[in-house]
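Participant: Here it is, the structure, as structure tokens.
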Amino acid sequence: MKIINSLFFQDLVYTVEGKHMKKTKPGALFQRLVNNKISRDEFEELLQGMEDQEMKTLLEASMKKYFDEILTQYEKEKKIKKS
């Protein structure tokens with residue numbers, strides 16, 4: 001994971017997960033958490049970020065997207081089993 005340190009790219013993290021992706025830092029940290037690839041320092045940063053309203057909002061959006069994807073996949077699998 002490469003963190004870009006500039007004012008313009010302050011909250012962007014570039015990750016490689018099968019292809020190059022641009023994510024917000026909270027989104028990247030959350031993705032690392034659910035993939036069980038988060039370091040202790042990153043986890044601490046994620047927890048501290050929950051006190052920041054902007055980061056909390058970005059993290060909530062990442063969590064919602066992730067759980068929506070899981071629910072969609074579950075519904076697809078459920079339909080296939082009924083067929």
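Participant: Net charge within 12 Å of TYR74 by Cβ-Cβ distance, Lys/Arg positive one each and Asp/Glu negative one each, not counting TYR74 itself?
Facilitator: Around TYR74, the charge tally is 0.
Participant: Going by how many other beta carbons lie within 10 Å of each one, how would you line up ILE80, ILE38, ILE70, fewest first?
Facilitator: With the fewest neighbours first, ILE80, ILE38, ILE70 line up as ILE80, ILE70, ILE38.
Participant: Sort PHE67, PHE30 so that the residue with the fewest other Cβ atoms within 10 Å of its own Cβ comes first and the one with the most comes last.
Facilitator: Ascending number of Cβ neighbours within 10 Å: PHE67, PHE30.
Participant: Pulled fully out, how much extra length does the chain show between ARG40 and ILE80, if you take 0.36 nm times their separation in residues and subtract their Cα-Cα distance?
Facilitator: Extending this stretch completely gives an extra 10.5 nm.
Participant: Would you order TYR74, TYR66 from fewest to most other beta-carbon atoms within 10 Å of each residue's own beta-carbon?
Facilitator: The most exposed by this proxy come first: TYR74, TYR66.
Read-outs: derived from the displayed coordinates by stated rules, not from any lab. Note that this is a predicted model, so its numbers are computed, not measured. Virtual Cβ from ideal backbone geometry, glycine too; neighbours counted across all protein chains shown.
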